[in-house]
Amino acid sequence: MLQVIGDPILHSKSPIIQSTMLDHLGLDIPYTPQWVKKGGVEAYLTWAKDHGVTGFNATMPHKEDLVPLMDELGTEAIQYGAVNTVCLRDGAWVGHNTDGDGCLDSLIYAGMWPARQVVLLGAGGAARAVALRLATGGAERIWVCNRTLSKAQQLCQLDPTGVLTPAGFEPKTLVDVCTQAQLVINCTNLGMDDCPHQFEDFSFLDALPRDAGVMDLIYHPARTQLLQQAQQRGLKVSNGLPMLVYQAIFSLEYFLGRKLPRQELAQVVFTKLGLI
Ligand code: NAP
């Protein structure tokens, strides 16, 4: 059995995404949501072994908590300091992180990659995975713009390539960096359904070239104000669903221990989700 754990968990799209892929591959493996409260992952690991769980995905608030509990960690999980995919191998828990790879493939799918200069908004968990993956994915410069500048600086210090550059989040700073960029990726909570805050203004979008892309990691709502504003300006847009789908494909490869037909699976899931 495979699972996804989180709190809250019932809103998770992972069961429909993973079940669609398992069905398509002709595999009779159940994938179910499991509510696990903050601080409950250690107990869950014991329960999971006793109940035949051979792998699971983790979402908020467990991604960081899982790191010290793993018997082994993949390179990305170590680098990002977070785990979103866990496999049981010969009785040992092995933790991976597929967020960075999922984001890169979703940018390629959206026709937004390669991009030489990138503005990345936010410096939280998702931003860390995306920034560090894109830093080795061909970008020349990535500005990590965050409300709390010290967090952007800490994130950039993790980057051995020197591509990441910390910056503030004031409207003028965003305009300045956008004049030099071809891609903006929102990794903040701004615009999310249950977030009470919104961008102060969207004038930074006017500073982008006309063929630039704007990706929002958020997918609730499907069209954030950021994406609406970008679309009104004729920019390419994508929400966070393709990233969710691609990171799930990488997870399934870890669960099954083999390479899968990624584009075929992505098309099957996009059709199921009504994205195409
Ligand atoms: P997180 O670690 O809590 O980071 C939140 C980020 O948002 C921080 O950089 C924070 O800035 C910024 N922020 C929050 N409120 C703000 C405000 N009022 N003004 C300016 N900045 C603000 O969260 P996360 O796990 O990185 O997730 C971020 C978003 O990505 C969420 O919407 C999540 O749903 C989405 N996500 C999507 C996927 C996907 O597959 N599509 C995967 C992972 C995450 P400070 O540092 O200043 O607090």
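The values are calculated or read from the model by the stated rules, or taken from the named source; none is laboratory data. This is a predicted model, so every value here is computed, not measured. As a convention, Cβ positions derive from the backbone with ideal geometry for all residues, glycine included, and neighbour counts pool all protein chains shown. Note: accessible area is taken over every heavy atom of the protein model, side chains too, but ligands, DNA and RNA are not part of it. Shrake-Rupley method; radii C 1.70, N 1.55, O 1.52, S 1.80 Å.
Here are a few things to note about the model shown:
- Top of ALA43, ALA123, ALA266 by mean-square fluctuation, Gaussian network on the chain, Cα under 10 Å: ALA43
- The slack between ARG147 and LEU69, meaning 0.36 nm per residue of separation minus the straight C-alpha distance, is 25.0 nm.
- Cα-based shape type of the range 101-239, given that a ≥ b ≥ c are square roots of the gyration tensor eigenvalues and the cut on a/c is 1.5: rounded
- Each Lys and Arg Cβ is given +1 and each Asp and Glu Cβ -1; about its Cα centre, the range 142-241 then shows a dipole of about 140 debye.
- Inter-site label distance for SER203 and GLN232 at 7 Å from Cα along Cβ, in nm: 1.5 nm
- Stokes-Einstein diffusion of the range 230-276 at 4 °C, 1.567 mPa s viscosity, Kirkwood radius from Cα pairs, rounded to a whole number: 108 µm²/s.
- Applying 1/(1 + (r/R0)^6) with r as the Cβ-Cβ distance of GLN225 and ALA92 and R0 = 41 angstrom yields a FRET efficiency of 0.35.
- Rg and Dmax [Cα atoms of the range 1-136; Å; Rg one decimal, Dmax integer]: 15.6, 48
- Projected-area average for the chain over all orientations - Cα convex hull basis, square nanometres: 13.8 nm²
- Calculated [θ] (222 nm, deg cm²/dmol) that DSSP helices of n ≥ 4 give over the chain, each run adding -39,500 (n - 2.57): -11000 deg cm²/dmol
- Order of exposure, largest accessible area first, which applies to ILE108, ILE5 with probe 1.4 Å: ILE108, ILE5
- Computed over the chain with a Gaussian network model linking Cα atoms closer than 10 Å, the most mobile of LEU260, LEU252, LEU183 is LEU260.
- At least 27 Å along the helix axis (C-alpha) and Kyte average at least 0.5, DSSP helices within the chain: none
- Heavy-atom accessible area order for LEU235, LEU10, largest first, 1.4 Å probe: LEU10, LEU235
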